[in-house]
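Quick notes on the structure that follows.
FYI, it's all coordinate maths here, none of it is from the lab. As the structure is a computational prediction, the values presented were derived from the model and not from experiment. In this analysis, Cβ positions are derived from the backbone assuming ideal geometry, glycine residues included, and neighbour counts consider all displayed protein chains.
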Amino acid sequence: MTTPPPMLSLPWLDSLQQTLQPWPMAWPASVLLALIAVAWLANFITKRILLRGLRKMIERFSGPGHNGKQPLRVIARLANIVPSVVIAAGLAVVPELPPGLVKGLQALCHAWTVLTIALAVAHALDVFNTFYERRPDARNKPIKGYLQVAKIVVYVLAGLSIVATLAGVKLLHVLTGLGAATAVFMLIFQDTILSLVASVQISGDGRVRIGDWIEMPSQNADGDVIDIALHTVTVQNWDKTVTTIPTKKLVTDSFKNWRGMQESGGRRIKRSLYLDQHSVRFLDDELRPRIYQFALLDDYLASKREELTQWNTQMAQQHPEPVNARRLTNLGTFRAYVERYLRSHPRINQDMTLLVRQLAPTEHGLPLEIYCFTASTAWGEYEATQSDIFDHLLAILPEFGLRVFQQSSDAMFMHEREKRGEE
C-alpha cells in the first residue's frame, strides 16, 4: 500500500482524527465526505456565482441585438468539469483507500472530463451553426452536414480516449490497434461516408438549398426544403406533411427543383382548349359584324383584309371561281384574338415566351394550346391568373361561332323531356 501524501496539519483536524480513532473507517469516510462537499461547493461557486456574473457582464457590454445565452450554455457544460477535477485531485489525500480503487476512480473522473468536453464542443458547433444560419447566404451554402461530421469525429475520439483511460493505456496505442479494424469501420460508417460525399456535392453545385421547392415522386416529396442535414433532407409537403429524403438519393436519383422558375420571375401556363371541329367555318355575314366589334382585332383584321384582297385580286385573273379565294376563318380569328388578349393582359410576363397554337386533333377535339408565363410565381396568384384567362376565353367562344368539345350525356335530353312533360 502506498503512503498518501501528508495532509495539512491543523489542531482541530488532529483532534478530530484522535476522536475518530475507535472507529477505523470513520476518518477516511469523513475525509471522503469532505472531498465531496468541496467538489459540490466548487460546482456551486462556478455555476451560481461565476456564470451569473459572466452573464450579467455580457448583457451589460454587448449590444441590444446580441444573444449571449448560447455561448454561456457551452461554458455551463464546461463548468461540469470542475467537480471531477476536484475529486480526481483530492482522492490522493484520502487515507486508507486501496491504490487500485483510487486509480479506478481517477480514471472515471478523467473519462467524465473527456465526455463533458466532447459534449461542450458538440454544443459549440451547434451554436456556430445557429449564428451561421443568420447570414443572408447561409441558405445557399449550408454547413450543417459538415458540422455533423465534425461532431461524429469528436464523439469517436472522445470514446476512444475514454476507452484508453479506463484500460490504462495510451490513446496512440488504441489508434494503432484500430488500423486492422479499418474495413469494419468503413462498413459501419458506410451510410455516413456516402451522405458526407452527397452533402459535399449538394453544397458545391447548389442543386438543393433551404427554401427550394423540389418534387421527387419516388420519395413522395413535393414541397419546400426546410432542413439539410448530413443523412437526410427534410421537405415540408404542400399538405403540411413532412418527408425525409436520404441525402444520397438527391445525387443518385432524379428530382425536379422549381428554383429556376421562382428566380425567372414567371410561371408557365401550358393548357389547351379542346374545340369542336364541326364548329370551325369561314367568316360569313352572320359572324363578320360581331367579330369586327373587337377592338383587339382591329390591326389583325386590317392587315388580313389588305393581304387577302391582294391575293384574291391576283387569283381572280387566273381562276375567278370563289373556291379559289382565301377567306378568314373563325378559328384563325379566335387564335389571333387570344394572342392579342394575352399580349395586353397585365398579369402575363411579356418578356417571356407567348404562343397560341393548334395541336394535332384527337378524339377529344382540336386542342388550341395557350403557352405563356404569368408575371408572378406565387401559387395563388398563378392559379387566379390562369383561371381568369380561361374563364374569359370559354365565355367569349360563342361570339366566334365556336364550341368546346365534351363528351355527350343524356342530361340535355332528360331536360328536354321534362320540359315536354314526358315520363
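Highest mean packing first, where packing is the average number of other Cβ atoms within 10 Å per residue, the peptides 335-344, 380-389 line up as 335-344, 380-389. Taking 0.36 nm per residue of separation and subtracting the Cα-Cα distance, full extension of the segment from E286 to I193 would add 26.0 nm. Averaged over residues, the count of other Cβ atoms within 10 Å places the peptides 392-400, 77-85 in the sequence 77-85, 392-400, highest first.
What do you get for trypsin sites (Lys or Arg not before Pro) in region 245-304 restricted to DSSP loop and a cutoff of at most 15 other Cβ within 10 Å of the site's Cβ?
R281
Here the spin labels are modelled as points 7 Å beyond Cα on the Cα-Cβ line, and at H392 and K256 they lie 2.7 nm apart. Amide hydrogen proximity for V233: with H placed 1.01 Å from N in the peptide plane, the residues at 5 or more positions away or on another chain lying under 5 Å are I245, T247. Model label points for L41 and A138, set 7 angstrom from Cα along the Cα-to-Cβ axis, are 4.4 nm apart. Return the FRET efficiency for the residue pair S344, A167: r is the Cβ-Cβ distance, R0 is 56 Å, and the value is rounded to the nearest 0.05. Computed FRET efficiency for S344 and A167: 0.10. Under the simplified labelling scheme, the L105-D276 pair shows an inter-label distance of 9.9 nm, with each label point 7 Å from Cα along Cα→Cβ.
Using mean Cβ contacts within 10 Å as the protection proxy, how do 111-124, 159-172 order, highest first?
Averaged packing, sorted descending, gives the order 111-124, 159-172.
Rounded, prolate or oblate: which fits region 204-264, taking a ≥ b ≥ c as square roots of the Cα gyration tensor eigenvalues, rounded meaning a/c under 1.5, else prolate when a/b beats b/c? Rounded shape, in that the Cα axes give a/c under 1.5. Where in region 209-223 does the label zone of T241 land, with the point 7 angstrom along Cα→C-beta and an amide N cut-off under 18 Å? Flagged as within label range: 214-223.
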